[in-house]
Amino acid sequence: MTASRVSDDGHMNGHHPKAASNGKTPHPVSGGPIVQLPTPFGDFVAQAWIDLATGAEHLAVTSPNPPLDGRAPLVRLHSECLTGDVFGSYRCDCGEQLAFALEMINEYGGTLLYLRGQEGRGIGLANKIKAYALQEAGFDTVEANEQLGLPVDARCYKAAAQILAEMGLHEVRLLSNNPDKQNRLAQAGVRVVEMVPTEVPSRDQNIRYLQTKKDRMEHRLTLDTHVATVPAAAADTFDNEQD
């Protein structure tokens, strides 16, 4: 199991921040007990982590099985999205990407980090709804944030990178369409040896949103409404993007 070592009572044992492989001071995080997490996507183990610099609480959801063929584990950094993850909103692809990532991790091994406090690419739930209103008035997702005087993407991945380091995940196959995540992890000392696409079929309700991510944020999207999921027999056919 790829996770921090625990004692017999299920609590962290000898937990000390591990120096990042890039030589920088580790971002302060603290991990809790590891517990069983049975889900519709498979049986996982879960561990809560606290970003001691911000107080944000994150969750690592990990397959108890090692990655197939000794390959680097799949890792998904999933930013909290209440509307998509909980209510299944079609305005974005977040909920469907979350389900896809859990299916892949269950099948091939790895970890999903559910990053809380990153709603709306870091602007918060209330501001995200304000941005939605501006989008309904004709602005795209980038323009809406700019109209509110907010960053297009305010997320920080320092805590995520340190959590991965604490879990011993220094080389990963990143489940993402966003090359910025690869770059940010590399800066924090986590080597992304492969980018594994997580594109799900687009919808009429989110096609403009996705087109903006492709055109203005360089997300690797085809925007094919019939994008296929990766078949179980094709674990070695992912597009390989070296760090």
For ALA56, list long-range residues whose amide hydrogen, built 1.01 Å from N in the peptide plane, is under 5 Å from its own amide hydrogen. ASP51
Rounded to the nearest percent, how much of the accessible area of the range 99-171 (1.4 Å probe, protein heavy atoms only) is carbon and sulfur? 51
Using a probe radius of 1.4 Å on heavy atoms only, what accessible surface per residue do you get for the range 153-197? Whole Å² is fine. 28
Distance in nm between pseudo-label sites at ASP180 and GLU146 (7 Å out along the Cβ direction from Cα): 1.4
Simple spin-label model, 7 Å along Cα-to-Cβ: THR25 to ASP204 in nm? 5.4
Work out how much length ILE129 to GLU103 would gain on full extension: take 0.36 nm times their residue separation and subtract the Cα-Cα distance, in nm to one decimal. 6.4 nm
In order through the range 183-189: 3J(HN,Hα) via Karplus (6.51 cos²θ - 1.76 cosθ + 1.60), integer Hz, x for Gly, Pro: 5, 5, 5, 4, 5, 8, x
HN-Hα couplings for the range 36-50 via Karplus (6.51, -1.76, 1.60; θ = phi - 60°), in whole Hz with x for Gly/Pro, come out as 6, 9, x, 9, x, 8, x, 8, 10, 10, 10, 9, 7, 10, 10
Relative packing of peptides 178-184, 114-120 - highest average C-beta neighbours within 10 Å first: 114-120, 178-184
Measuring with a 1.4 Å probe in the full set of protein chains, what accessible area per residue, in whole Å², belongs to the range 39-108? 42
Once amide H atoms are built 1.01 Å from N in the peptide plane, which residues 5 or more positions from HIS170, or in another chain, come under 5 Å H to H? none
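I want the local charge near LEU125. Using Cβ-Cβ distances under 15 Å, sum +1 for each Lys or Arg and -1 for each Asp or Glu among the other residues. Intermediate results must be reported in sequence, preceding the final value.
Details: positive: ARG91, ARG116, ARG121, LYS128, LYS130, ARG155; negative: GLU80, ASP85, GLU119.
Summing Lys/Arg as +1 and Asp/Glu as -1 gives +3.
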Work out from phi, with θ = phi - 60° and the Karplus expression 6.51 cos²θ - 1.76 cosθ + 1.60, the ³J(HN,Hα) of each residue of the range 159-171, listed in order in whole Hz, and give x for Gly and Pro. 5, 4, 5, 5, 4, 4, 4, 4, 8, x, 9, 9, 10
11 Å beta-carbon shell around LEU98, net charge (K/R +1, D/E -1): -4
Contour excess over end-to-end distance, with Cα ends at ASP43 and ALA154 and 0.36 nm allotted per residue: 36.7 nm
Which order do you get for THR54, THR25 if you rank them by accessible area with a 1.4 Å probe, largest at the top? THR25, THR54
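The values are calculated or read from the model by the stated rules, or taken from the named source; none is laboratory data. In this text the structure is predicted, and so the values were computed from the model without any measurement. Note: ideal-geometry Cβ built from the backbone for every residue, glycine included; neighbour counts use all protein chains shown. In case anyone asks, the SASA skips ligands and DNA or RNA and just uses the protein heavy atoms, side chains included. Shrake-Rupley method; radii C 1.70, N 1.55, O 1.52, S 1.80 Å.
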